[in-house]
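Undergrad: Got a structure here, written out as structure tokens. Questions coming.
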Amino acid sequence: MKYNELSITRQKKAHQVGRGISAGRGKTAGRGTKGQGARKSPQRLGFEGGQTPLHMRLPKLRGFKSRAEPTENVYTGQLDKITHGNIDAYALAEAGLISNPYLKVKLIKKGELKSKKTVKLPSASQTAIEAIKKSGGSFEKTNRVPRPKKLSDKS
């Protein structure tokens, strides 16, 4: 390797501004004369020259939008509506107890469970699990049913 054969890119030196009128970029240093833009500090984000900024003029809405996925609750008293013994997210959606089988579902104790049921859901309260076992059934914790992937139209 020889010094004259090195392939390097030269870094451009930053302009040193405000070092006197003979320096080329001195005196006002490209800021013009006087006024707000010539002063030391830049304005804060959204500053509109003293006019009330847009983010303060716009009306505000109460509360906030939660980005958490909603959990649908199913009660133990509703499980008797399903005739067959195995209960999962698909069976609950088919019976109309939840809007679709791909959401989070939680079983909560409210009402009596009269028949033996095998429940397979992502979550349930401790008292609901005890109520299922008391009626002779069983509870199994499963993962949430994933949404099916959309098929792309690429051929």
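The values are calculated or read from the model by the stated rules, or taken from the named source; none is laboratory data. Just so it is clear, the structure is predicted and the values come from calculations on it, not from any experiment. Ideal geometry is used to build each Cβ from the backbone, glycine not excepted, and the neighbour counts take in all protein chains shown. Side chains are part of the model used for accessible areas, which takes the heavy atoms of the whole protein and leaves out ligands, DNA and RNA. Shrake-Rupley method; radii C 1.70, N 1.55, O 1.52, S 1.80 Å.
Undergrad: Name the one entry in L61, L45, L151 that is assigned to a loop (DSSP other than H, G, I, E, B), hydrophobic (A, V, I, L, M, F, W, C), open to solvent by 100 Å² or more (accessible area, probe 1.4 Å) and closer than 30 Å to G18 by Cα.
TA: Just a single option satisfies the conditions, and that option is L45.
Undergrad: A further question on this structure: Are any residues in segment 110-140 touching a residue at least 40 places away in the same chain (Cβ under 8 Å) and in a loop (DSSP other than H, G, I, E, B), and if so, which ones?
TA: G137
Undergrad: Still on this structure, please answer the following. Taking K134 as the residue in question, decide whether it is basic (K, R), under 26 Å from the mean Cα position of the chain (by Cα) and surrounded by fewer than 19 Cβ atoms within 10 Å (Cβ to Cβ).
TA: no
Undergrad: So K81 clears everything in (1) surrounded by fewer than 17 Cβ atoms within 10 Å (Cβ to Cβ); (2) in contact with a strand residue (DSSP E or B) (Cβ under 7 Å, 6 or more places away or on another chain) except one condition, right? Which one?
TA: (2)
Undergrad: If you don't mind, another one. Looking for something outside any loop (DSSP other than H, G, I, E, B), out of contact with any Lys or Arg (no Cβ under 8 Å at 6 or more places or on another chain), closer than 30 Å to A131 by Cα and open to solvent by 90 Å² or more (accessible area, probe 1.4 Å) - is there at least one such residue anywhere in segment 98-109?
TA: No; the residues of segment 98-109 include none that is outside any loop (DSSP other than H, G, I, E, B), out of contact with any Lys or Arg (no Cβ under 8 Å at 6 or more places or on another chain), closer than 30 Å to A131 by Cα and open to solvent by 90 Å² or more (accessible area, probe 1.4 Å).
Undergrad: Say we look at segment 84-97 and pick out the residues that are among the small types (G, A, S) and in contact (Cβ under 8 Å) with a residue 40 or more places away in the chain; which of these is most open to solvent (accessible area, probe 1.4 Å)?
TA: Once the filter is applied, the top-ranked residue is G85.
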